[in-house]
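All remarks here apply to the structure that follows.
None of the figures in this text is laboratory data; all of them are computed from the coordinates on show. Since the structure is predicted, the reported quantities are computational estimates derived from the model, not experimental observations. Here the Cβ positions follow ideal geometry from the backbone for every residue, glycine too, while neighbour counts run over all protein chains shown.
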Amino acid sequence: MRVLLLILIIPVILLNCGSSRPAVDEGAGPIHAMPNDNQEKAAKNIILMIGDGMGLTQITAGIYDNNNFLNFEKFPVTGLMKTHSYDNLVTDSAAGGTAMACGVKTYNNGVGVNKDGIAVKSILEEAEEKGMGTGIVVTSAVVNATPATFMAHQKLRAFVEPIAEEIANSGVDFLVGGGKKYFDRRDSDERNLIEEMKAKGYQIENFIQHKTIEEVRTDSVKKFVYFTADDDPLTKITGRNYLPYASQMGANFLKSRSENGFFMMIEGSQIDLGGHATNFKYVMSELRDFDEAIKNVLEFAEADGETLVIVTADHETGGLTIQEGSKLKKIKADFAYGRHSGTMVPVFAYGPGSEKFTGIFDNTELYRKMKAALAL
Ligand code: MG
Ligand code: ZN
C-alpha cells in the first residue's frame, strides 16, 4: 500500500518540479556589499538619507521591480528601527523627523519640540554651532515636516510660514527643495525672506531663473539655496529630476567649504505621497530616484573615506504587500490603506561609525548614534 502511494505521489512531485521555474534568473542576484574599512575612526561628515514612507516592502518591491538590483544592497551594515511617536504607535513625519533630528519622542504634528511643546536642539543646529557645514536636500517643500524638524521648532507642522522664518535664520549652508512662496509671497506678513537671506550672504536661485540646478554656478559663495518649486516640487513621473544631482552637489559643496566636516540630510519625500495615493508606480518611481541619489552619495563617501552614510525612513506608508503571482519587473502590489503604518523600518549604514547602526533600536537612538559617530 505504502509503495503504491509513493509510486502515485513521486510523478506528481516530479511533474511539479519540472513545471516550476526559478523566480529570479541565475546571475541576476544581489551585488556584494561594500567593504566596511573605517569602522574604528570617528566620522567627519554624516549624510543622513530619509525615504519618507519607505518601509521594507517598498525597498523589496523596488529591488524586484528593477530586475533584482538596487544600491541599497551595497550597504555593509543594516538594522531595524522602531518608529512610534510619543502619543501614537503610528507616527507622522513631524514626530518621526523630530525623533531622528532631536532625539526626543514628541506628539504627532510636533516639529523640533518635545512632548510639552518645548524646542529641542537638532543635530543640524548642533553641527552648525560646532562650525560644521550643514545641508538639506528634499523633494518636498523645504518647510515640510521632515526637513523642518532639522531647522525649526513649532508646536504644529502646519505653521509653515513661521517654519520658513526659522529656516532663513538657521544658518543652513546648502538648501534645495520647493516652497519658494513661503519665503517671498507670505500671507502672514510682508517680509521677503529671500532678500533677507541674500543680505546675509546667501546665493539664492530658483527654477524660474535656472530651469535646472545643473546650470547654476556656486564657485564663490559660502551659502546656497535653490528653490525647485513655489510649493511642492513635481513628481519624478511628471519630470522632477534634481535629487541625485543635488545630493552629490551638496556633498561636494559642503566638503570644499567646511574644514570641520558637515551634516547633510537628504529626503526622498514623495515615496510617502505614492503610498498615500496607493499608487504603486508613483512609489516605485520615487524609490528609484532616491536609489540614484544613494548611488551618488555612496560614490562620494567611498572616495572621501570620512563620511558616514545612513539610509532609513520615518515610517512606512500604505501597508504595501507583494502578492503571489508577482514576477521580476512585474510586481503585483497591493496597499492595506493610504495611510501610515506602524511597522519597523530598515536602517542601512556605510563608513566610519556605521557599525553602531545594527540591531533593533528606537528612532530617538538614531540621533544619539549619529552624535556618537561624529564625537559631537
Ligand atoms: Mg517628509
Ligand atoms: Zn505621509
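Would you compute, from DSSP H runs of 4+ residues alone, the mean residue ellipticity of the chain at 222 nm, taking -39500 (n - 2.57) per run and dividing by the full residue count, rounded to the nearest 500? It lands at -10500 deg cm²/dmol. Between the Cα long axis of helix 93-102 and the first principal axis of the chain there is an angle of about 70°, rounded to the nearest 10. Residues whose amide H lies under 5 Å from that of Lys223, counting only those 5 or more places away or on a different chain, are Gln203; hydrogens are built 1.01 Å from N in the peptide plane.
Within the listed set Ser220, Ser140, Ser20, the residue fluctuating most in the Gaussian network model of the chain (springs between alpha-carbon atoms under 10 angstrom) is Ser20. Taking amide hydrogens as placed 1.01 Å from N in the peptide plane, the amide H of Thr235 sits under 5 Å from those of Arg240, each at least 5 positions away in sequence or on another chain. So what's the angle, to the nearest 10 degrees on a 0 to 90 scale, between helix 2-19 and the longest Cα principal axis of the chain? It works out to around 40 degrees. For the chain, the longest principal axis of the C-alpha atoms and the axis of helix 280-304 are separated by about 70°. Overall shape: rounded for the range 44-374, with the ratio a/c of the largest to smallest alpha carbon gyration tensor axis below 1.5. Karplus-derived 3J(HN,Hα) values for the range 136-146, using 6.51 cos²θ - 1.76 cosθ + 1.60 with θ = phi - 60°, are 9, 10, 9, 10, 10, 5, 5, 8, 5, 3, 4 Hz; glycine and proline are entered as x.
If contacts are Cα pairs under 8 angstrom and at least 6 residues apart, what is the relative contact order of the chain in percent?
On the way: 877 pairs, mean separation 110.9, N = 376.
Taking the mean separation of contacting Cα pairs over the length of the chain, I get 29 percent.
Straight Cα distances below 14 angstrom link Lys82 to the aspartates and glutamates Asp92, Asp314, Glu316, Asp362, Glu365, with same-chain residues fewer than 8 positions distant left out.
Could you list Arg191, Arg185 in order of exposure, starting from the residue whose Cβ has the fewest other Cβ atoms within 10 Å?
Details: Arg191 15, Arg185 11.
Fewest-to-most Cβ neighbours within 10 Å comes out as Arg185, Arg191.
The string of couplings for the range 370-376 from the Karplus curve (6.51, -1.76, 1.60, θ = phi - 60°) is 5, 5, 5, 5, 7, 6, 6 Hz, one whole number per residue in order, with x for Gly and Pro. Largest GNM mean-square fluctuation among Lys105, Lys180, Lys330, using the chain with Cα springs under 10 Å: Lys330. Distances between placed amide hydrogens fall under 5 Å for Gly51 paired with Gly268, Thr312, Ala313, Asp314, all partners being 5 or more residues away or on another chain.
Within the listed set Asp189, Asp314, Asp304, the residue fluctuating most in the Gaussian network model of the chain (springs between alpha-carbon atoms under 10 angstrom) is Asp189.
Residue by residue, the range 114-125 carries 3J(HN,Hα) couplings of 7, 4, 8, x, 9, 4, 10, 4, 8, 4, 5, 5 Hz when phi is fed to the Karplus relation 6.51 cos²θ - 1.76 cosθ + 1.60 (θ = phi - 60°); x denotes Gly or Pro. For the residue pairs Lys41/Lys198; Lys74/Lys115; Lys105/Lys369; Lys180/Lys369; Lys74/Lys255; Lys223/Lys371, the C-alpha atoms sit more than 27 angstrom apart in Lys41/Lys198; Lys74/Lys115; Lys180/Lys369.
Counted over the range 44-374, the DSSP beta bridges are approximately 30% antiparallel.
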